[in-house]
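Any read-out appearing in this document is the output of simple, stated calculations on the displayed coordinates, not a laboratory observation. The model shown is predicted, which means the values in this text are computed figures rather than measured ones. Quick reminder, even Gly has a Cβ in these numbers, built from the backbone with ideal geometry, and neighbours come from all protein chains shown.
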């Protein structure tokens, strides 16, 4: 139906007979001549309809935005002075000789060039939203990312192997999406949160190097970088330690950024322990483009009379930390109050501060409601440790370490963005040496910081069991500009260690056999040392596209409430289908 794509034409084709197809992007009537900007997935082309052909001209007058048409004509150079440098095809135009209206269109619910359209409307009419050049470019970028990854993995000996979508529920940190079985009444499959156990089984099967670009499902509260169904690049290898796996992934990421963005990522990537990341940034996914850091000052405040500081400073599980904001002295009271409300979302009960009007003058050059509670030696220690200068402001957090880290860590990012301190560029980071477990105070039990199959740094199950709170894991996360791109680990490959870890997590032998019996059995039949990683493909493309949400780089995403406005899913199903699945809905009270 066409000889060329609209966006590919140039002066090299002038004089040729051309056939193009696409959507009417815009129609303009100028003094008896009709101009149509015709759009396909490669770009725009101006088409000219001359009134000399009365029949064709009459049909051209009926064209409206989003009509689908086919045009035959002669390509010519635009008259001098009418060129459009903002269009790739702005030097040429197509003089129409034939017009076919392939499909008329109703008035669209929004114009493609309207940037002020509510997201719900874009999602409800996603097939129209995807016509926007910005969305077309993002889909091309996503395709380029997966193509580059596949090429690199294929060239490095990885096998693309599919794993089941219908499996059994296993505890992996989020709620499962369950699928009822018709042939096994009362039983359910679970959609996979990840292919974790299957990729480990592939290593036990001797596949050596596996990868899969796979759909995963998690029924959890959503945010900008979460969706109920998402895509990850899943990777597993045998006979490699963490250094070998990280080196491979660095090479892949370097090739990806070179292929897709034309950028050269410098290797090796920076590494930082989990403990250092939490100490300096309050998070295990720090954005290194922001030149602000948390500074612990607990030791300076243990003996002060101000209990708001001395209490957490003396508590083994507490922390008092400071965040210096260069030039922050200019912050207004309202801005400080807004930041106080902001950290309250993370559990902070307040936000103390000191304004540094004149550091050289000591106490007399500072301004803060808390100064009267602090002795001179504590004040001078704070100024020295934070490196505060005249014109700065110092924020303080004092509470349980978790609360301080989360609140000041989030404040660091918020202040950095508000004050335009975020540097340009791409800052990669490996975070390593994670704790093996974290203790749940409410449940009074240990939880795995990553997942139950992550190997501890010790090979001795007795040593692990004797002191689980001090154990480190062989896990590693890749972080880019404050976003966790992927997480992985060396896995447990000995059955006794796996059982001990499950026991520490409160999973007894009987429950372990019920939930993971197939894995525990496989471990007994010659399991190689192995490890891997999973990258969030949607998050990676979001960053590379400069988008603010993974919904912007997914063709058909869900809303924040996990619904599909376009297809109206989820939806009720009929009683007959429910009966076939042996499911009975509970009747409202009072109804028979």
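With each label modelled as a point 7 angstrom along the Cα→C-beta vector, the residue 577-residue 421 pair spans 5.3 nm.
With respect to the chain, whose longest principal axis is taken over its alpha-carbon atoms, helix 242-261 is tilted by about 30°. For the stretch 290-422, the gyration tensor built on C-alpha atoms gives an oblate shape. Its axis ratio a/c (a ≥ b ≥ c) is at least 1.5, and a/b is not larger than b/c. With a Förster radius of 41 Å applied to the beta-carbon distance between residue 361 and residue 110, the computed FRET efficiency rounds to 0.10. Helix 509-523 axis versus longest C-alpha principal axis of the chain: approximately 70°, rounded to the nearest ten. What's the FRET efficiency of residue 270 with residue 389 using the Cβ-Cβ distance as r and R₀ = 22 Å, to the nearest 0.05? For R0 = 22 Å, the calculated efficiency reads 0.25.
For a paramagnetic label modelled on residue 463 (point 7 Å from Cα along Cα→Cβ), amide N atoms under 17 Å away belong, within the stretch 476-512, to 492-494, 496-498, 500-501.
Place the peptides 222-234, 460-472 in order of packing, highest mean first, counting for every residue the other Cβ atoms within 10 Å and averaging per peptide.
Working: 222-234: 19.1, 460-472: 13.8.
The packing order, highest mean first, is 222-234, 460-472.
For the peptides 313-320, 90-97, 257-264, the ranking by packing is 90-97, 313-320, 257-264, with the highest mean count of neighbouring Cβ atoms within 10 Å listed first.
Hey, what D do you get for the stretch 349-459 in µm²/s if you plug the Kirkwood alpha-carbon radius into Stokes-Einstein at 4 °C and 1.567 mPa s? Value of D from the Cα-based Kirkwood radius: 73 µm²/s.
Counting neighbouring Cβ atoms within 10 Å and putting the fewest first, the residues 41, 184 line up as 184, 41.
Against the longest principal axis of the chain, how steep is helix 401-418, in degrees 0 to 90 to the nearest 10, with axes from Cα atoms? For helix 401-418, the angle is close to 40 degrees.
With the Cα gyration tensor of the stretch 442-493 in hand, convert its eigenvalues to equivalent ellipsoid semi-axes via √(5λ) and list them largest first in whole Å. Each step should come with its number before you reach the end.
On the way: eigenvalues 106, 44, 16 Å².
Taking √(5λ) for each eigenvalue gives 23, 15, 9 Å, largest first.
So for the chain, averaging the separation of alpha carbon pairs under 8 Å that are six or more residues apart and normalising by length, what relative contact order in percent results?
Numbers: 1114 pairs, mean separation 77.4, N = 592.
Taking the mean separation of contacting Cα pairs over the length of the chain, I get 13 percent.
Between (1) 28.6, 91; (2) 28.9, 98; (3) 30.2, 94, which matches Rg and Dmax of the Cα atoms in Å calculated for the structure shown? Here Rg and Dmax of the Cα atoms in Å agrees with entry (3).
Can you tell me which of 201-209, 528-536 comes out highest on packing, and rank the rest after it, using the mean Cβ neighbours within 10 Å?
Details: 201-209: 17.2, 528-536: 22.0.
Descending mean neighbour count gives 528-536, 201-209.
By the helix-only formula, in which each DSSP H run with n ≥ 4 contributes -39500 (n - 2.57) and the sum is divided by residues, the chain has a 222 nm mean residue ellipticity of -9000 deg cm²/dmol.
Quick one: compute the contact order of the stretch 6-103, relative version, from alpha carbon pairs under 8 angstrom and 6+ residues apart, as a percent.
On the way: 230 pairs, mean separation 33.2, N = 98.
Reported relative contact order: 34 percent.
Beta bridges from DSSP with both residues in the chain: antiparallel share about 95 percent, rounded to the nearest 5.
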